[in-house]
Amino acid sequence: MSILIQIIICFVMALSISLYAVPIIVRIDHSLKLFDKPNGRSSAFKPVPTLGGIAIFFSFTFVSALCITGYDMPELIYIIAATMLIFFVGLKDDLVDLSPRKKLLIEIIATCIIIFLAQIRFTNLHGLMGITEIGFVPSVIITAFVIIVIINAFNLTDGIDGLASSLGIMTSAILGSWFLISGHTGDAIISFSLTGAVGGFFYYNVYGKDNKIFMGDTGSLVLGFIIAILIIRFNEYNIDQTQPFAVQSVPVISFGIISYPLIDTIRVMIIRILNRRSPFRADRNHLHHRLLTLGFTHKKATFTILIINIAFVGLLLTLHQIGILRLTAYIVFVSSILFMAPAYIIHRRNLIKKNDPVQQLVIPGFMQQRVPAEE
């Protein structure tokens with residue numbers, strides 16, 4: 001059996017299990033009254049079942065463990081063990097609320113399993129800031145920081161229907177494709193198992209009616225955790241630039257692949273700190289909030305961000321040979337325009353509303369459409 005067929009089978013299995021599991025979870029949610037009720041942080045207009053992350057976690061771990069058989073990947077057992085910790089902390093937070101400190105503690109423990117037992121960590125910065133090989137202690141610190149940031153970036157991105165899941169599908173599919181063509185079959189299996197698992201959830205989250213469901217922290221924390229591991233593997237494999245399909249400027253490419261959740265999270269937290277508020281307090285400064293304010297539906301906002309992100313990654317991969325500094329400048333320039341444009345349009349529209357008596361009569365009704373304030 002060819003490797004490509006194996007990958008396709010893994011993807012289809014994960015997708016099928018996820019599609020089958022979600023309606024069951026929805027029925028359980030209804031029977032136990034486990035809903036995401038409308039509030040200042042929720043995207044729901046009416047109670048919607050949560051815990052969709054259970055389907056993601058189960059289908060991903062089951063298919064990865066089953067399909068990886070025959071490949072030399074001893075670290076998988078530690079990846080699954082650490083993912084289980086992340087899954088249960090997300091599950092508890094969805095059910096009874098967990099303090100940020102306790103969540104962070106479990107995230108650190110899971111990260112330590114990945115670093116010290118699975119031996120998955122950054123060992124080379126590929127010339128970023130002039131640094132190549134790094135020592136053990138800096139390696140541990142950088143790896144832990146990156147994993148925790150990515151986990152929480154995907155968690156905070158889960159604010160409108162399909163956004164976090166679509167970005168997760170895109171990221172795992174891109175990384176999985178590179179793992180496949182470069183010969184890293186075990187990582188490709190993990191990547192496409194995640195793609196299929198999240199794909200099943202995405203269908204019900206975006207297009208579901210009777211079976212509509214949210215992933216909750218149960219799903220977003222697991223998604224961010226696995227993506228972080230795949231990003232580290234991607235960087236480590238590209239230390240050897242003599243291998244086929246080697247990618248240059250790989251730290252910048254990695255950042256670009258998950259640029260939306262990272263940049264949006266960092267930007268929003270800086271705004272909150274400058275306004276002397278807790279960086280973890282919900283507000284409406286995320287880019288997807290601004291698109292909703294401009295009249296986008298959840299679906300249109302999600303697909304707009306996704307399409308822009310895909311085009312952005314495509315350009316980065318095309319330009320990966322121009323060097324880290326130039327590529328970083330390109331990311332900063334393009335990201336600044338993309339993130340500032342909606343805010344500028346909203347500002348201009350508010351000025352028109354304020355200064356034009358006719359607009360003051362017409363626009364308020366339009367502006368009063370119900371747009372949720374989710375995190």
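The values are calculated or read from the model by the stated rules, or taken from the named source; none is laboratory data. Every value quoted in this text rests on a predicted model; they were computed, and no experiment measured them. All Cβ positions, glycine included, derive from the backbone under ideal geometry; neighbour counts span all protein chains shown.
Listed values, structure above:
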| quantity | calculated |
| --- | --- |
| Pairs with Cβ under 8 Å, 6+ apart, first in segment 167-185 and in contact (Cβ under 8 Å) with a residue 24 or more places away in the chain and within 16 Å of residue 314 (Cα to Cα), second of a type in the set (Gly, Ala, Ser) and part of a helix (DSSP H, G or I) | 169/199; 172/191; 175/191; 176/188; 176/191 |
| When residues of segment 133-147 are limited to those that are touching a residue at least 60 places away in the same chain (Cβ under 8 Å) and surrounded by fewer than 24 Cβ atoms within 10 Å (Cβ to Cβ), the one farthest from residue 262 (Cα to Cα) | 143 |
| Unmet requirement for residue 374, which otherwise passes all of (1) surrounded by 15 or more Cβ atoms within 10 Å (Cβ to Cβ); (2) modelled with pLDDT of 80 or more; (3) in a loop (DSSP other than H, G, I, E, B) | (2) |
| Number of the condition not met by residue 295 [criteria: (1) more than 21 Å from residue 267 (Cα to Cα); (2) part of a helix (DSSP H, G or I); (3) modelled with pLDDT of 75 or more] | (2) |
| Among the candidates 160, 141, 109, 68, residue that is on the phi < 0 side of the Ramachandran plot, modelled with pLDDT of 95 or more, β-branched (Val, Ile, Thr) and in contact with a helix residue (DSSP H, G or I) (Cβ under 9 Å, 6 or more places away or on another chain) | 109 |
| Answer residue from segment 174-210, given it is hydroxyl-bearing (Ser, Thr, Tyr) and within 19 Å of residue 246 (Cβ to Cβ) and is surrounded by the most Cβ atoms within 10 Å (Cβ to Cβ) among those | 191 |
| Residue pairs meeting the criteria (Cβ under 9 Å; at least 6 apart or on separate chains; first farther than 17 Å from residue 83 by Cβ, in segment 97-111; second surrounded by fewer than 13 Cβ atoms within 10 Å (Cβ to Cβ) and among the aromatic types (Phe, Trp, Tyr)) | 100/280 |
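Results for (1) in a helix (DSSP H, G or I); (2) hydrophobic (A, V, I, L, M, F, W, C); (3) at pLDDT 95 or above; (4) over 24 Å from the mean Cα position of the chain (by Cα), shown as yes or no for each residue.
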| site | (1), (2), (3), (4) |
| --- | --- |
| 4 | yes, yes, no, yes |
| 8 | yes, yes, yes, no |
| 27 | yes, no, no, yes |
| 39 | no, no, no, no |
| 74 | no, no, no, yes |
| 79 | yes, yes, yes, no |
